[in-house]
Amino acid sequence: HHGIAPDQMEILTDTITQMVVHYTREAGVRNLERQIGAVCRAAAVKIASKAANLPIIVDLSALEEILGPIMFDRDVSEMLSRPGVATGLAWTSTGGEITFVEATKMSGTGELVLTGQLGDVMKESAQIALNWIRSNDHRFGLQCGSLDKVDIHIHFPAGAVGKDGPSAGVTIVTVLASLFSGHCVRSDIAMTGEVTLRGQVLPVGGIKDKVLAAHRVGIRHVILPKKNERDLREIPASVKTELEFIFVSTIDDVLLHAFDVGMKPLLTSKL
């Protein structure tokens with residue numbers, strides 16, 4: 001393509017990986033094809049003007065020179081280096097995406113503040129998650145104190161993507177448990193699932209796209225609702241072999257696996 005012979009240009013494997021991770025955001029390959037096309041056109045100009053020795057090697061530095069600074073920063077470990085942050089899995093119009101849910105607390109009047117272009121269902125999930133934490137803080141030794149004197153702010157940083165649909169409950173519960181315990185959520189784990197006031201984890205949709213999104217950014221452990229286990233048959237075997245799937249039925253199960261310390265209840269739930 002673009003009038004370039006195979007012996008005139010080579011795109012290194014690391015360069016292709018960089019394009020996939022930092023210059024595309026979709027389930028398919030259309031945008032990746034566009035980015036490769038841009039690289040080829042830049043190389044074709046150099047070949048035509050005889051401004052470079054052949055073959056042209058497209059390495060990481062050449063890629064940034066052609067495509068500019070990275071478009072999508074996916075450093076999961078940096079985002080999860082403090083309490084009150086967890087990695088969720090969402091389904092969007094372009095496929096699966098990871099989304100970082102953040103929470104903070106401050107003196108106030110018991111208000112729950114939500115930001116990040118959220119749909120009504122997501123707001124309901126956040127309220128249910130907070131109510132579960134309030135009902136179970138004593139079981140996990142969480143330092144909630146009097147929430148009537150504390151405002152809680154939950155934010156979904158990728159605010160440009162509308163997020164509606166019941167699938168973030170487990171992530172929000174985990175974020176709040178992290179916030180009130182002071183423990184960081186594991187940086188190598190992502191999760192999806194809805195919750196009930198009784199602490200049950202319900203199945204959600206879009207499992208294939210969500211799992212592919214986690215795999216794409218290097219996450220190797222995924223928490224999924226137990227009832228979504230059947231959906232794994234849609235995922236390529238090459239992806240499944242590189243991931244550990246943790247199937248959960250209750251929020252207790254989620255908190256046990258979401259933290260390096262393994263948050264266990266001090267008391268057994270009677271619900």
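The values are calculated or read from the model by the stated rules, or taken from the named source; none is laboratory data. Values in this document were obtained by computation on a predicted structure and should not be read as measured data. Here the Cβ positions follow ideal geometry from the backbone for every residue, glycine too, while neighbour counts run over all protein chains shown. When the accessible area is computed, the model is the full protein with side chains, heavy atoms only, and any ligands, DNA or RNA have been set aside. Shrake-Rupley method; radii C 1.70, N 1.55, O 1.52, S 1.80 Å.
Structural remarks
- In order along segment 218-228, the Karplus-derived 3J(HN,Hα) couplings, from 6.51 cos²θ - 1.76 cosθ + 1.60 at θ = phi - 60°, round to x, 6, 10, 9, 10, 8, 10, x, 4, 6, 8 Hz, and Gly and Pro are given as x.
- Helix 207-216 and the long axis of the chain differ in direction by around 60°, with both axes built from C-alpha atoms.
- 20 Å Cα-Cα reach of K123 towards lysines, excluding residues that sit fewer than 8 places from it in its own chain: K105, K163
- The structure shown yields mean projected area of the Cα convex hull in nm², and of the options (1) 16.0; (2) 19.5; (3) 29.4 that calculated value carries the label (1).
- Protein heavy-atom accessible surface, 1.4 Å probe, per residue over the chain: 50 Å².
- Between the amide H of A86 and those of V101, distances stay under 5 Å, these residues lying 5 or more places away or on another chain, with hydrogens modeled in the peptide plane.
- Taking the C-alpha atoms only, the angle from helix 169-181 to the longest principal axis of the chain is near 70 degrees.
- Modelled spin-label separation between R198 and K226, with each label point placed 7 Å from Cα along the Cα-to-Cβ direction: 1.3 nm.
- Solvent-accessible surface (1.4 Å probe) assigned to S135 amounts to roughly 70 Å².
- Note on the chain: GNM, Cα springs under 10 Å; of E97, E65, E229, the largest mean-square fluctuation is that of E65.
- Close amide-amide hydrogen proximity is noted between M9 and I56, each under 5 Å apart and 5 or more residues distant or on a separate chain (H modeled in the peptide plane; Pro and chain starts excluded).
- Around the amide H of I246, modelled in the peptide plane, lie the amide H atoms of V222, I223, L224, all under 5 Å away and 5 or more residues distant in sequence or on another chain.
- For the chain, averaging the sequence separation of C-alpha pairs within contact (under 8 Å, six or more residues apart) and dividing by the residue count gives a relative contact order of 19 percent.
- Restraint check, K226/K264; K210/K240; K208/K264, Cα-Cα greater than 21 Å: K208/K264
- Heavy-atom accessible surface of the chain: percent carbon and sulfur, 1.4 Å: 52 percent
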